[in-house]
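Let me begin by presenting the structure, written as structure tokens, before commenting on it.
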Amino acid sequence: MTAPVRVTRRAFLVGLNLSLGGLALGVYPRLATADEPSGRAGPAPQPASEAHEDATKGLDPNVLVHIGDDGHTTIVCHRSEMGQGVRSSIPILIADELGATLERVVVLQADGDKKYGDQNTDGSSSIRRFYDDLRRAGAAARMMLISAAAKRWNVKPESCVARDHQVIHPPTQRALGFGELVPAASKLPVPAAKAITLRPESELVNVKKASLPLLDGPAIVTGTALFGADVKLPGQLIAVIARPPTVGGKVARYDAARALKIPGVRRVVEMPVPKAPWMFQPWGGLAIVADTTWAALKGRAALEVSWDPGSNEVADSATMRDEMLSSVRTAGTPLRSLGDADAALASAAKVIEAEYLVPHLAHITMEPPAAIAQVASGRAEVWAPTQNPQAARTEVARVLGIGEDKVTVHVTLLGGGFGRKSKADFVSEAAFLAREMGAPVRVQWTREDDLRHDYYNAVNAQRLRAGLDGRGAVIAWHHRTAFPPIKSTFVAGTTTPAIDDLQQGVLDLALSTPNVRAEACAATPRVRIGWYRSVYNIFHAFAVGSFIDELAVARGMDPRDAWLDMIGPARILGLQDLGIAKLSNYGEPLDRHPVDAGRLRRVVERVTEASRWSTRKQQGRTLGLAAHRSFVTYTAVVLSVVPDKQRVFRIDEAWISMDPGTVVNQDRVRSQMEGGVIMGISNALFGGVTLKQGAVQQSNFRDARIARIRDVPRKIHLDLVASGGPPCGVGEPPVPPVGAALANAVFALTGKRVRELPIAAAFRI
């Protein structure tokens, strides 16, 4: 399994009912034969007519699976690849259920289409929500192939098995390849959903292996993979946009003459002015359309424009900080109530309280947004690194005033997403300009555009109070949180988080405390708020994890013991036990994914054992601990910090234990764990953007710092818990506990408690 090969278009098929003219072709690596030249494994643009030219008919039980009459199997990946390895996981799961060999599998990237159901690659949901459905897609094809073979041999279907790309009858050792069976199988009725039988999980030969091939790895490493900005169409133009510095701002006046004098600049185009609620609308402003990216950038720099900032000019980070602290110091909307927290606090022997603040976070994906579009004859075709091609399709149709059936959205590889590329603003910018110019247009965002016109993670303030009795036991827990919710981007005037927002680390927090109260408090949005990797869990895990550490000090306890005491004994907590009316639970039913205190305890115990927590003081090591439940996964993190003469401290090692239930692709999950630890460190150590007169002050990596090599642990120790049970999220859960673990480790080393992020600001490093 070395050299990737280009697979002929015979592997495509008409019966999948796909638009094959996208960026789609990927093959699992295998040895090339003498008459098969080596080619790229990544996606490449291909006109629809050419894709259909050599297509062959075959077995098409559903929109995700096709088996050609030559035996080659096409599996559609309906989710977007942004480095998490979904194109190397979904097809493997389907292929295992089918009984296909990976060397004969072609992966086709789906365009945006409602027939695939939910395509928004967000919320750590690709495997968690589709595990059984993906297996059924493979099982349907397997059952049809087996039925065809059994009919030919005049045996019972249950006496046959499908494996190694063939159907076998073990009693007689007869075997037929998938291709041989396609003509007969394709004439059979597709099994009804209720009649589809899944294999025993023990028969999934590739799933759960420690190491599996990364489909797009060779193309990414060699630079031949296609990302959004790599797409090139004949006659295309390049556009960059001067956007208002504030949300809701607009152009006051401008003089395009200087910009038009730049060689290569074709035109200055006024963009549509957005109206609240902002949703996925572009920011507005002025587009400079040119022959080259360089000319467009030079034209924008020469453009003389002044702005009407609108009502958000009053936004200032310092003022917002004071407003939110005032909000959490006042009673909010109660969303969790168990016992009588107010009475318990009033009678407590001692009350511990603390306030925590976390700034807006920008996504800063390595690939800034980009999209290319062409519009002609009332139709639009778009290529974009989008996490949500259906939303992009809807937004393009809205901007152009055409039906969604007239819009095709092809999905390229994404150079990072983290939720930013679920929004379609940059895609519809390209479509609007392509129509205006009568030519294909690529809209290219710069790093500065990316930082200053993002959908930011919410800024947050929290106030926590705990009451201790005379023996130091925690008898009351009171939690207030204020942040502008994501809903404010879609419903103007929304300022207070709802019950669904507090599911992330507040309502689903397993506590042994008999008296609990949690409240949501108001915060006015001043920027567009959007999804970000692990979303509200970031600041809730930071506050809760830090506060439990503070309580450990106040109680004279070891932090690990304090954590286990706060979680309480292993048990399942229902709504009544939690003191809540409902729990959205990331869209999962509580009977399938309950709040399980035992699993949370287990990851705390495992991570502290792995990090030699009990002997840390004797060995002169300084460690910090935190744990969290998010996306129905349980994660605990320990970080080690050591003194540093130049920077006060340095992160030395990290340990992470994560229990995500059933795992499909261990390699990809371990990569997510490592990346999550690094991103969590980056968020806590340096993360955050600030506002001045409504505009984001940061512009590039010089002032929007991220973790570099010297900032991350020299070792990250991974513990992937094999707990079984249904699959849980894996992309986002590694991030939330990292911030508190780092802050707690820094306190253990320096004695300085950090309650406001970023940590680097507290130590001026």
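The values are calculated or read from the model by the stated rules, or taken from the named source; none is laboratory data. None of the values given here were measured: they were computed from a predicted structure. Reconstructed Cβ throughout: ideal geometry from the backbone, glycine too, with neighbour counts over all protein chains shown.
Brief remarks follow.
Conditions (1) assigned to a strand (DSSP E or B); (2) surrounded by 24 or more Cβ atoms within 10 Å (Cβ to Cβ); (3) on the phi > 0 side of the Ramachandran plot; (4) in contact with a Cys (Cβ under 6 Å, 6 or more places away or on another chain), marked per residue:
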position	(1), (2), (3), (4)
Gln576	no, no, no, no
Ile580	no, no, no, no
Arg601	no, no, no, no
Glu605	no, no, no, no
Thr608	no, yes, no, no
Leu625	yes, yes, no, no
Val641	yes, yes, no, no
Trp655	yes, yes, no, no
Val664	no, yes, no, no
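- When the criteria are applied in full, Thr333 meets the requirement of being surrounded by fewer than 23 Cβ atoms within 10 Å (Cβ to Cβ) and either on the phi > 0 side of the Ramachandran plot or modelled with pLDDT of 95 or more (or both).
- Residue pairs whose Cβ atoms lie under 6 Å apart, sitting 6 or more positions apart in sequence or on different chains, and linking a residue in segment 244-260 that is over 17 Å from Arg452 (Cα atoms) to a partner that is assigned to a loop (DSSP other than H, G, I, E, B), are Ala259/Leu303.
- One residue stands out in segment 67-116 among those that are among the hydroxyl-bearing types (Ser, Thr, Tyr) and in a loop (DSSP other than H, G, I, E, B): the one that is nearest to Leu414 (Cα to Cα), namely Ser80.
- Some residue of segment 554-571 being of a type outside the set (A, V, I, L, M, F, W, C), free of Cβ contacts under 8 Å to residues at least 24 places away in the same chain, surrounded by fewer than 24 Cβ atoms within 10 Å (Cβ to Cβ) and in contact with a Pro (Cβ under 9 Å, 6 or more places away or on another chain): no
- If the condition is being assigned to a helix (DSSP H, G or I) and either free of Cβ contacts under 8 Å to residues at least 40 places away in the same chain or within 21 Å of the chain's Cα centre (by Cα) (or both), then segment 498-547 contributes Asp501, Leu502, Gln503, Asn537, Ile538, Phe539, His540, Ala541, Phe542.
- Residue check for Pro569: closer than 25 Å to Ile475 by Cα and outside any helix (DSSP H, G or I): yes
- Selection count, segment 382-424, where residues are under 18 Å from the mean Cα position of the chain (by Cα) and surrounded by 24 or more Cβ atoms within 10 Å (Cβ to Cβ): 18
- Verdict on Ala373 being surrounded by fewer than 24 Cβ atoms within 10 Å (Cβ to Cβ) and either at negative phi or charged (D, E, K, R) (or both): no
- Complete set of residues in segment 474-496 that are assigned to a loop (DSSP other than H, G, I, E, B), in contact (Cβ under 8 Å) with a residue 60 or more places away in the chain and not aromatic (Phe, Trp, Tyr): Val491, Ala492, Thr496
- Checked against (1) at pLDDT below 95; (2) of a type outside the set (Lys, Arg); (3) within 31 Å of the chain's Cα centre (by Cα), Ser311 passes all but a single condition, namely (3).
- Restricted to segment 726-743, and to residues there that are part of a loop (DSSP other than H, G, I, E, B) and out of contact with any strand residue (DSSP E or B) (no Cβ under 7 Å at 6 or more places or on another chain), the residue that is nearest to Gln672 (Cα to Cα) is Gly731.
- Matching residues in segment 137-160 - criterion: being in a helix (DSSP H, G or I), within 30 Å of Ile127 (Cα to Cα) and either without any contact (Cβ under 8 Å) to a residue 60 or more places away in the chain or hydroxyl-bearing (Ser, Thr, Tyr) (or both): Arg142, Met143, Ile146, Ser147, Pro157, Glu158
- The lone exception for Thr101 - which of (1) closer than 17 Å to Asp667 by Cβ; (2) polar (S, T, N, Q); (3) surrounded by fewer than 24 Cβ atoms within 10 Å (Cβ to Cβ) it fails: (1)
- Of the strands (runs of 3 or more DSSP E) lying entirely inside segment 309-406, those containing at least 2 residues that are more than 24 Å from Val696 (Cβ to Cβ), not aliphatic (A, V, I, L, M) and not assigned by TED's automatic domain parsing to the domain that holds Gln697 are 379-384.
- Neighbours by Cβ (under 6 Å, 6+ apart or cross-chain): first from segment 441-464, in the same structural domain as Ala704 (by TED's automatic domain parsing); second of a type in the set (Lys, Arg) and in a strand (DSSP E or B): Arg463/Arg480
- Criterion: under 20 Å from the mean Cα position of the chain (by Cα) and not assigned by TED's automatic domain parsing to the domain that holds Pro589 - qualifying residue of Ala149, Ala110: Ala110
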